[in-house]
1. Using θ = phi - 60° and the Karplus relation 6.51 cos²θ - 1.76 cosθ + 1.60, list the HN-Hα couplings for the stretch 111-120 in order, rounded to whole Hz, with x at every Gly or Pro.
2. With viscosity set to 0.890 mPa s at 25 °C, what whole-number translational diffusion coefficient in µm²/s follows for the stretch 329-473 from Stokes-Einstein and a Kirkwood radius over Cα pairs?
3. Report P(r) for the stretch 186-228: all Cα-Cα distances, bin width 5 Å, range 0 to the bin holding the largest distance, values in whole percent.
4. Over 38 Å apart: what share of the alpha carbon pairs of the chain falls there, rounded to a whole percent?
5. At most 12 other C-beta atoms within 10 Å and a DSSP loop state: those are the exposed GluC sites (Glu not before Pro) I care about. Give me the longest piece of the chain that has none.
6. Just to be sure I understand: of the beta bridges DSSP finds with both ends in the chain, what percent are antiparallel, rounded to 5?
7. Would you mind pulling out the separation of the Cα centroids of the stretch 436-500 and the stretch 85-130, in Å?
8. Starting from the Kirkwood radius over alpha-carbon pairs of the stretch 92-195, derive D by Stokes-Einstein at 4 °C in a medium of 1.567 mPa s and give it in µm² s⁻¹.
Amino acid sequence: MTHIGATTEMVVPVDLSLAEARRLLDKRELSAVELAEAHIARIEQVEPVVQAFITPMFEQAREMAAAADETIAAGEARPMTGIPVGLKDIFCTVDAPTTAASKILAGYRSPYDGTVVERLRADKAVFVGKLNTDEFAMGSSTENSAFFTTRNPWDPTRVPGGSSGGSAAAVAAGQAIATLGSDTGGSIRQPAGFCGVVGLKPTYGRVSRFGLIAFASSLDQIGPFTRSVEDCAMILGAIAGHDPRDSTSAPLPVPDYAAGLTGSVRGMRIGIAREFSAVEGMEPGVQAACEAAYETFAKLGATLVPVELPYSKYALPTYYITAPAEASANLARYDGVKYGLSSEAETLLETYLRTRGEGFGPEVKRRIMLGTYSLASGYYDAYYVKAQKVRTLIKRDFDRAFEQVDVILAPTSPTVAFPIGARTDDPLQMYLADIFTIPANMAGLPGIAIPCGFSDGLPVSLQIIGRAFDEATVLRAAHAYEQASGWHTYRPDIARLVAR
Ligand code: GLN
């Protein structure tokens, strides 16, 4: 482990925070082209071990960086101008293939950019590549990618988490200053936690999902991975806001998130829920680090308040009814006619069956079967409708808690990053990795994962859940803790990683 600030050496461009890079770019002490080249060199150096990228975009990155330098020279820089950014390969991009890490999208190229991609492109961010994920974002480790498993930069024998594992690993390994992922049940927060970086799932509706390949439409939300909370605030400001092309995106103004980071939680009321501790399989090192973090908030002048979220224990089972049901409907479009893979057959029906049989991996097939079952007539009321009712109860628990507190603290995941292969034979064990993240998805609430220490040399992560559309308070609390604790300044040892 290395510690930024532990030495007086000049920080290399791949270790910069977004905020620091912005200052250097604006002062012209660093060019966007230099910054892009430094990241390309780092990607080439660590990629044989980390394997975060499905499609590197070096050529595009160089062109975009040159254009960014012109924008900066013209005095028109925006927060993301010239910043190397990686995209989970589930966002549609016109200038690179979009695979969702699935064979069924082989050769697919989107005719349009997703809204977040379009916004970053307009701001002259620099895209370094498309990042690995579990197939269609279904998983918690990237082991369900049809292509390869990404490795955790802290320990390459371990998973980076998932599904946005490539996005988390790339930020941890210095391959991009920031990345975007998607979070349906924890796929931003859990991998951010496993890789020791910051990951935010905004409120459902805060960021447009247009051009995000759909998994479970009532849950999917896009958000950033960064090395600091300030960076997270900066990129959120660039991607958030209403979009007429996504009817679920909220027509609400976007606050200046970075300006709201006061560094203080004095007087803030912070909820601690029994339901978020001592679950089966919780590692003592994780529990201890999170409890120490709660104490830090108290020392910083916040008031810790016990809250109750009794229906949260049903979040995981209701998620595994809801998400597969929506997935089975969303994935019906991959039929061998409209997109990507098409397996030759005599009849149209055989084309459908063959394409789907050959194109989808085992976890995706499991979800489609689960979802089709729970939507079938005769089972619909017992499963899908019931799950929606429980979802309302989960949400009401949070509504009640937020009458008393401003944010709620929880561990991000009950364990640190687990070894590659440890859970692949046991889907239930894999699903349990998201036990603490899924409640916020079911309730549509924003949640951030931030580093809060180490257990056995691996990062532990604290989750901060907030009221709907109150990312500002979540970010403020996260920033105050981060500045007081300094856990975000630790990085994996890259020299050791590549020497293995
Ligand atoms: N791990 C969860 C699942 O497999 C969540 C995935 C996600 O948030 N995209 O469904």
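Every read-out reported here was derived from the displayed coordinates using simple, explicitly stated rules and does not represent laboratory data. Predicted model, so just to flag it, every value in this text is computed and none were measured. Cβ coordinates were reconstructed from backbone atoms using ideal geometry, including for glycine residues, and neighbour counts include every protein chain displayed.
1. Ordered by residue, 3J(HN,Hα) equals x, 9, 8, x, 4, 5, 5, 4, 5, 5 Hz.
2. Numbers: Rh = 18.8 Å.
D, rounded to a whole number, is 131 µm²/s.
3. Reading upward from the zero bin: 5, 24, 29, 22, 14, 6.
4. 19 percent
5. Excluding the exposed sites themselves, the longest stretch runs over 77-279.
6. Of those bridges, close to 65 percent are antiparallel.
7. 26 Å
8. Numbers: Rh = 13.8 Å.
My calculation gives 94 µm²/s for D.
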